[in-house]
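See structure below.
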């Protein structure tokens, strides 16, 4: 691992603080988030976007192709529009039809390719794919907004900005699949391709192009309906359309199954924060960006609505928090040495978790020159952390547990509420689900997500071993502990690898897991629809391909 | 059927678990299967044979340079034993007795990252990291259901007349019937829906067509 901090550096926040579920569930996007990192890459490398095919009828049925040329290579989004009866429209994974389906394809598809894709992509999981396919996705219209915008544009009017702001998108994706699912390309195959080395970069590009498709689609439909009377969206209003997304439990186990990767994500963000806190002086330009982002955030907060009572309370508290930061961060504070650190410590002592984590976002925002290189450190070859070092002694393994898993030892698994839940995969939808251990069948098929419980059991087993015995010999005799030992060895090298909470306890809010991952993607407007699924917005305010080169688009996410 | 490496890994992970392996070993089996597939070697039959043998339930006994199952009628599991060898990070001379699906040992010897030869009746594999070369009497020997004796030894001074295994990173063609059987094991890890789980398992209630 590189050592990015100078000797006078501020230490990174400890994992015991950062990796708690309630804090992870309060995470916000930063400039290192994947979609923002992708757009920077797009701008710097001058990726070119074209639309070689757009054959869609007045019902929205047809085909469109968007091609992206980057560093001499081409990938294409192939979009299929469908006619979907309203009663079949659902965000849930149980859906079998959608308003539109998409595939990101390597190269430019021929008519033959498109015919093959047309026979499979609309079926999504039920279709089969080749290694030329990189990402698979589908989306449904926002009924609330789509019809309103269509009617307005066809009638020669702009849609109502408050309505646009309240929803924020014309379509929301209900799944975006990558990495080898259903026969598509493995990540290993695409990671060096098109600068897709960053985590989820191919998926982010797919979603960005889907957003572009939704706007082209609505203007096209308006033209077909309104004829010469129809108008296109005004440029600034057009940017207020992002793309929605509905995410459920399918995403939750990912964070537990990829410990080394999660560590890279969190390490990058925490390193960025530490670099900013270590700055002796706040320069004028950075202060101006910080203030603009803060004010933009306060404005944006008014449009962040949710029907979830817990989240609604947190948003209200965040509003107060942002006001407090604004009042605290005066000229006098910025004149003091290490002003950014002062603001951080003010937030730590006075604000809600949402407010503290939002402060992290705001502090990092003005410092692209200082932190943007970290976006390239957020991927990892996970296979390299898979092998177990069996030459380690059982005594050293026990000491690793004491050092890194104190949080697990503090949990009492003899209490019924500590093991009230269990994770499993449902036969019906082949998706992860959360069950009640003492009320439902299927506990024999439990997924290994209760890491704390596994580590506590391993600790007890190690007490019966000789201090100097090798881990290899121990595991040969006790394969039931192999899963936990691997994690402990990963945690020793990757401090932020483990969520330091009990994922099977009665009070668990699974959406905290989803929120954390989505924040790293770059999502905004978290809107829990239950404790197990939520809606978000991606790319709202983002420049379109032809606007990427323009000045002042860097901080688009704050509505500038 | 053509599948991705990721599909192989996730299918074998769940199938191994469905067959009764501990999660940590099932992960090893999944990585091992994907490793073989990358080298265009068959993994389906060896895995199926292992799953039906449930050989991982036998305790391997290490006696000097020999590993054998703890009972006369038992067999060694290539995953449990292979993982031990790769954990040690060495490929010391060793004789493994009565190993089920010996081809599944290959990835673990490769991961041990040392020059060595692995041989059983009719098959010889030479490891010179990062290269693996294979000489075999034919598919029957390679896919042997059991090696009475598999031996791991330092590279002999002889000229190795085998073919270098080449890494492949596109889709992998799998045997449809075997793949279906692997899915059968995988299905044992799934929980059927109940009235309650349909309502609460993934969270519901809120309108989602708006």
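The values are calculated or read from the model by the stated rules, or taken from the named source; none is laboratory data. Remember, it's a predicted structure, so these values are computed and weren't measured experimentally. Here Cβ is always computed from backbone atoms with ideal geometry, including for glycine, and neighbour counts include all displayed protein chains.
Data overview
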item	result
Which numbered condition residue A:128 fails, given (1) touching a helix residue (DSSP H, G or I) at 6+ places or on another chain (Cβ under 6 Å); (2) closer than 29 Å to residue A:86 by Cβ; (3) not in a helix (DSSP H, G or I)	(2)
For residue A:184: the one exception among (1) farther than 26 Å from residue A:43 by Cα; (2) touching a helix residue (DSSP H, G or I) at 6+ places or on another chain (Cβ under 6 Å); (3) surrounded by 24 or more Cβ atoms within 10 Å (Cβ to Cβ)	(2)
Selection count where residues are more than 10 Å from chain A (Cβ to nearest Cβ) and either assigned to a helix (DSSP H, G or I) or crowded, with 24+ Cβ neighbours inside 10 Å (or both), scope segment B:31-53	15
Boolean, residue A:67 is in the same structural domain as residue A:171 (by TED's automatic domain parsing) and either part of a loop (DSSP other than H, G, I, E, B) or in contact (Cβ under 8 Å) with a residue 24 or more places away in the chain (or both)	yes
Test: residue A:399 is away from chain B (no Cβ under 13 Å), part of a helix (DSSP H, G or I) and more than 30 Å from the chain's Cα centre (by Cα)	yes
Unique match (being surrounded by fewer than 19 Cβ atoms within 10 Å (Cβ to Cβ) and closer than 25 Å to residue A:19 by Cβ) among A:500, A:493, A:487	A:493
Filter pass, residue A:332 being closer than 27 Å to residue A:501 by Cβ and either assigned to a helix (DSSP H, G or I) or in contact (Cβ under 8 Å) with a residue 60 or more places away in the chain (or both)	no
Residue match in segment B:1-19 (condition: within 11 Å of chain A (Cβ to nearest Cβ), modelled with pLDDT of 95 or more, closer than 16 Å to residue A:388 by Cβ and surrounded by fewer than 23 Cβ atoms within 10 Å (Cβ to Cβ))	no
Positions within segment B:80-96 being part of a strand (DSSP E or B) and more than 18 Å from the chain's Cα centre (by Cα), in sequence order	B:94, B:95
Subset of segment A:75-98 (residues that are away from chain B (no Cβ under 14 Å) and not in a loop (DSSP other than H, G, I, E, B))	A:75, A:76, A:77, A:78, A:79, A:80, A:81
Some residue of segment A:203-216 being more than 18 Å from residue A:38 (Cβ to Cβ), within 11 Å of another protein chain (Cβ to nearest Cβ) and either surrounded by 19 or more Cβ atoms within 10 Å (Cβ to Cβ) or touching a helix residue (DSSP H, G or I) at 6+ places or on another chain (Cβ under 8 Å) (or both)	no
Strands (runs of 3 or more DSSP E) wholly inside segment B:97-210 containing at least 2 residues that are surrounded by fewer than 18 Cβ atoms within 10 Å (Cβ to Cβ)	B:131-136, B:146-153
Every residue from segment A:9-60 that is in a loop (DSSP other than H, G, I, E, B) and closer than 18 Å to residue A:546 by Cα	A:46, A:47
Selection status of residue A:485, within 12 Å of chain B (Cβ to nearest Cβ), under 21 Å from residue A:389 (Cα atoms), in contact (Cβ under 8 Å) with a residue 40 or more places away in the chain and not in a strand (DSSP E or B)	yes
Within segment A:133-156, tally of residues that are assigned to a loop (DSSP other than H, G, I, E, B), surrounded by fewer than 20 Cβ atoms within 10 Å (Cβ to Cβ) and within 12 Å of another protein chain (Cβ to nearest Cβ)	0
Verdict on residue B:74 being without any contact (Cβ under 8 Å) to a residue 60 or more places away in the chain, away from chain A (no Cβ under 11 Å) and within 13 Å of the chain's Cα centre (by Cα)	no
Residue that is nearest to the other protein chains (Cβ to nearest Cβ) [pool: residues in segment B:170-183 that are over 16 Å from residue B:30 (Cα atoms) and in contact (Cβ under 8 Å) with a residue 12 or more places away in the chain]	B:171
Residue within segment A:185-192 that is farther than 22 Å from residue A:249 by Cβ, free of Cβ contacts under 8 Å to residues at least 40 places away in the same chain and assigned to a loop (DSSP other than H, G, I, E, B) present	yes
Filter result for residue A:531 (without any contact (Cβ under 8 Å) to a residue 24 or more places away in the chain, within 14 Å of chain B (Cβ to nearest Cβ) and farther than 22 Å from residue A:171 by Cβ)	yes
Residues of segment A:373-402 satisfying the condition of being closer than 19 Å to residue A:43 by Cα and out of contact with any helix residue (DSSP H, G or I) (no Cβ under 7 Å at 6 or more places or on another chain)	A:373, A:376
Filter result for the condition that a residue is more than 14 Å from chain B (Cβ to nearest Cβ) and touching a helix residue (DSSP H, G or I) at 6+ places or on another chain (Cβ under 8 Å), over A:407, A:423	A:407
Checklist (1) within 30 Å of residue A:196 (Cβ to Cβ); (2) at pLDDT 95 or above; (3) assigned to a loop (DSSP other than H, G, I, E, B) applied to residue A:380, failing item	(2)
In segment A:465-482, the residues that are in a loop (DSSP other than H, G, I, E, B), within 15 Å of residue A:396 (Cβ to Cβ) and within 13 Å of chain B (Cβ to nearest Cβ)	A:469
Of all residues in segment A:430-464 being closer than 20 Å to residue A:404 by Cα and outside any helix (DSSP H, G or I), the one that is farthest from the other protein chains (Cβ to nearest Cβ)	A:463
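Condition check ((1) over 23 Å from the mean Cα position of the chain (by Cα); (2) in a helix (DSSP H, G or I)) across all residues:
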residue	(1), (2)
A:262	no, yes
A:267	no, yes
A:282	yes, no
A:291	yes, yes
